[in-house]
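In what follows, a structure is listed as C-alpha cells, so that the remarks can point back to it.
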Amino acid sequence: MHTAISSILFLFVATTASALPVHAQQPTFEDPPYEDTVFKAEVVAIVEEGTRPVEGTDVIEEYQTLTARITEGPRMGEEITVENDSTVLLSVGDDFYLHRLAPVGEEPELWSVGEPDRTWVLGALTVLFVVVTVVVAGYAGLRSLFALAGSFALIGYGLVPSLLGGMSPVIAAVLFGTIILSLNMFVTHRFNKPSAVALLGSIAALLFAALVAQVSVLLAKLSGLSSDEAVFLNFMTDGGIDLSGLLLGGILVGIIGVLNDVSVSQVHTVVELHDANPNLSRRSIWDRSMKVGREHMGAMVNTLPLAYAGVSLPLLLLFSQSDAPLSFILNREIFAEEIIRALAGTIGLMLSGAIATLLAVLMLVPKPPHATIEKNQ
C-alpha cells in the first residue's frame, strides 16, 4: 500500500513540476528543407553485391543493390530497387527501414537504406532482463523495475518537455533528479526511516556533484557542441537550448542510479551494526560502517570512468592513430566532456556514501545510556 501511494505521489509531483510556467526563451523548431518519410520494408532479392573503392581513398567498401517490399503504411506491397552502401549488409528476408526523400521540382523521389529492424532483439533482451531481475532479486527486483519504468516516464514526459520548454537544464536535472531519486528509493525500498536518510544523502551528493560539474564546465569553457546530435539540436531549436547546461544535466541524470546504490548500502550497514550491538557508540558504528563503505566505494571508483571510457572506445582508437601529443587529444572537448562527466559523477558517488553514513549515524542510532567506545581492529 505504501509503495503504491509513493508511486502516485511522486508521479503527481513530477507532472505538476513539468507543467509549471517557464519564462526562459522558447526554442523554435524549423521545418526541414526536405520531406523524409520512413517506411518499414523487407528484402525480397539481392540484385547485385560486391566491393568498390571509396572515391578519393584506398578504402574498399561493400555495396548491394536490393529489391525491397514495403510492409507497412499506405504504400504497403510496393517493391523498390535501392542501393545499400551502408556498413551493414542485408540478407533476403531481413526487415529494415527505408527512407524516401520527396521529389523536389523535376527531380524524382530518392530512396535510401536505413537501419536494420532491431526491435525483436531489443524486446528479447528486455524480457530476459526482467526475468533475471525478478528471479534473482525477487519482490525487491520487481519493485525496482516499476521504479525504473517510472524514472523513464519522468524523463520522457517531464524532463524532456521541460527542457524543450526553455527550463534551465541544470535546474531541470536537479529537480527531476530529486524526484527520480525519491521514486526509486521509496518504491524499491519502501517508506521507512533508512530510505528517507539514504534519500537525503543522495540528494546532498547530487547537489554537490552539480556544483562541481558546473564549475568544471565553466572553467573548461565547454560549449556542449562536441557531438553531431548537439549540433543538430542547436540548429533545430535555433539556439534556444543551453547546450553547456544540457551537458551538465546529462552528467547529473547519469549518476542518479549509483548514488542510490551507495547511499542505501551505507545506511543499511549502519542499521545492521546497531541492531547487532545496540551498545556500540555512534563513533564506533561510524568507523565500522566506513570501513565497509571504503571497500564498496573503492570498487565503485572504477564504475563511471570505465563506463564512459567504454562508450568513447572508438574515439580512443581513432585518436590513437594521430601523431598529436596525448595532452592535445585529452584537451579536445569531446574527451574533456567525458573526463569531467566521469570525475564529477565519481565525486558525487563518494560523497553520497560518506554523507549517508553520517546522517544514518546521527538520525538512526540513539546514544546508548552507557556507550562503549571501541577501537577499530
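If you scan region 47-86, which residues turn out to be in contact (Cβ under 8 Å) with a residue 24 or more places away in the chain and among the polar types (S, T, N, Q)? I'd like the intermediate steps shown before the answer.
The first filter runs over region 47-86 and keeps only residues in contact (Cβ under 8 Å) with a residue 24 or more places away in the chain, leaving 47, 49, 61-62, 64, 66-73, 75, 79-86.
Listed by number, the residues that qualify are Gln64, Thr67, Thr71, Thr81, Asn84, Ser86.
Here Ser162 clears all of (1) more than 21 Å from Ser352 (Cβ to Cβ); (2) without any contact (Cβ under 8 Å) to a residue 40 or more places away in the chain; (3) crowded, with 19+ Cβ neighbours inside 10 Å except the condition numbered (2).
Checking the stated criteria, Val135 turns out to be over 27 Å from Val361 (Cα atoms) and of a type in the set (Val, Ile, Thr). Of the listed requirements (1) in a strand (DSSP E or B); (2) crowded, with 16+ Cβ neighbours inside 10 Å, Ser151 misses just one: (1). Counting only residues that are more than 26 Å from the chain's Cα centre (by Cα), closer than 30 Å to Ser226 by Cβ and among the small types (Gly, Ala, Ser), region 279-332 holds 4 of them.
Whether a residue is of a type outside the set (A, V, I, L, M), in a strand (DSSP E or B) and more than 19 Å from Trp120 (Cβ to Cβ) was assessed, and Glu48 passes this test.
Kindly indicate whether any position in region 294-308 is among the aromatic types (Phe, Trp, Tyr) and touching an Asp or Glu at 6+ places or on another chain (Cβ under 7 Å).
yes
Listed by position, the helices (runs of 4 or more DSSP H) contained in region 270-360 that have at least 1 residues being more than 19 Å from Ala198 (Cβ to Cβ) and aromatic (Phe, Trp, Tyr) are 303-311, 313-320, 326-331.
If we keep just the residues of region 41-73 that are touching a Phe, Trp or Tyr at 6+ places or on another chain (Cβ under 9 Å) and among the acidic types (Asp, Glu), which is surrounded by the most Cβ atoms within 10 Å (Cβ to Cβ)? Among them, the one singled out is Glu42. Taking Leu259, is it among the hydrophobic types (A, V, I, L, M, F, W, C), surrounded by 12 or more Cβ atoms within 10 Å (Cβ to Cβ), under 23 Å from Ala360 (Cβ atoms) and in contact (Cβ under 8 Å) with a residue 24 or more places away in the chain? Criteria met by Leu259.
Determine, yes or no, whether Ala198 is surrounded by fewer than 20 Cβ atoms within 10 Å (Cβ to Cβ) and assigned by TED's automatic domain parsing to the domain that holds Leu252. It would help to see each step written out before you state the result.
Numbers: surrounded by fewer than 20 Cβ atoms within 10 Å (Cβ to Cβ): no; assigned by TED's automatic domain parsing to the domain that holds Leu252: yes.
When the stated conditions are applied, Ala198 does not pass them.
The values are calculated or read from the model by the stated rules, or taken from the named source; none is laboratory data. What you see is a predicted model, and the numbers here were worked out from it, not measured in a lab. No Cβ is skipped: glycine too gets one built from the backbone with ideal geometry, and neighbour counts run over all protein chains shown.
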